[in-house]
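Read the figures in this text as sums done on the coordinates, not as results from a lab. The structure presented is a predicted model; accordingly, all values stated were derived computationally and were not measured. With ideal geometry, Cβ positions are generated from the backbone for all residues, glycine too; neighbour counts draw on all protein chains shown.
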Amino acid sequence: MPSLDRLISRIETISEWSGRATAWLVLGMVLLIGFDVTMRYLFQAGSVGLQELEWHLFALLFLLGAGYTFKHNGHVRVDIFYHSRHMDSRRRAWVDLLGGLFFLLPFCLLIIISSLPFVANAFAIGEGSPDPGGLPYRFLLKAAIPVGFALLLLQGLAHILRSVQILLSNNDVNTPPRTSHNGAQD
């Protein structure tokens, strides 16, 4: 399955690069918020545009960083059963495969498909901020919705393919040693 490994690797490279690029937004957002707070509290000079830019960057962080976060297992999930000592890697692979196929991929596709008319409309009217002093080009932020979910969908696909690899392999990788009731390993 070397071609499957290459495909997974390419998808994960995309996730890695998008995550690293998105991480720079954190620095920009911190500097922007620091500047905005300084201007407001020291010089009593606020800006609607700066405040909108803060929440635009915040939205981009979550949208464009979701695939990277998923790749690094950073999303919240219920791990009561998943990390149980009774869940070997093959059972985890089944959970990941079924969860990806029946929940993650359909949800991502639903968001992508349903957001396209929303984004197209925003582009068609050249949507900007309705607030005086707000930012123009709000349509660019809205375009990040399908892009972010496409990145998450790609990483979900890589995760599903990795689960298939585990299920097709003959050995049980990453299986913790089983212990008996007295603590001795089996």
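Can you find, within segment 5-29, the residue that is surrounded by the most Cβ atoms within 10 Å (Cβ to Cβ) among those that are closer than 17 Å to residue 63 by Cβ and without any contact (Cβ under 8 Å) to a residue 24 or more places away in the chain? Across segment 5-29, the extreme among qualifying residues is 17. Any residue in segment 153-170 that is closer than 18 Å to residue 119 by Cα, over 21 Å from the mean Cα position of the chain (by Cα) and part of a loop (DSSP other than H, G, I, E, B)? Looking through segment 153-170, none of the residues is closer than 18 Å to residue 119 by Cα, over 21 Å from the mean Cα position of the chain (by Cα) and part of a loop (DSSP other than H, G, I, E, B).
Residue count for segment 41-84, restricted to those that are in contact with a Ser or Thr (Cβ under 7 Å, 6 or more places away or on another chain) and not in a helix (DSSP H, G or I): 1. Scanning segment 116-149 for residues that are in a helix (DSSP H, G or I), surrounded by 12 or more Cβ atoms within 10 Å (Cβ to Cβ) and either charged (D, E, K, R) or free of Cβ contacts under 8 Å to residues at least 40 places away in the same chain (or both) yields a count of 13.
Within segment 47-58, does at least one residue satisfy the condition of being surrounded by 11 or more Cβ atoms within 10 Å (Cβ to Cβ), under 22 Å from residue 96 (Cα atoms), among the hydroxyl-bearing types (Ser, Thr, Tyr) and touching a helix residue (DSSP H, G or I) at 6+ places or on another chain (Cβ under 9 Å)? Within segment 47-58, none of the residues are surrounded by 11 or more Cβ atoms within 10 Å (Cβ to Cβ), under 22 Å from residue 96 (Cα atoms), among the hydroxyl-bearing types (Ser, Thr, Tyr) and touching a helix residue (DSSP H, G or I) at 6+ places or on another chain (Cβ under 9 Å). Remark: pairs (first residue in segment 82-111, at negative phi; second residue among the polar types (S, T, N, Q); Cβ separation under 6 Å; 6+ apart in sequence or on different chains) = 88/175; 89/174; 89/175; 93/163; 96/163; 97/163. Take the conditions (1) touching a helix residue (DSSP H, G or I) at 6+ places or on another chain (Cβ under 9 Å); (2) of a type in the set (A, V, I, L, M); (3) surrounded by 13 or more Cβ atoms within 10 Å (Cβ to Cβ); residue 113 misses just one of them, which is (3).
Yes/no matrix, rows are residues, columns are (1) under 26 Å from residue 157 (Cα atoms); (2) under 24 Å from the mean Cα position of the chain (by Cα):
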site	(1), (2)
3	yes, no
16	yes, yes
26	no, yes
30	no, yes
36	no, no
41	no, no
44	no, no
54	no, yes
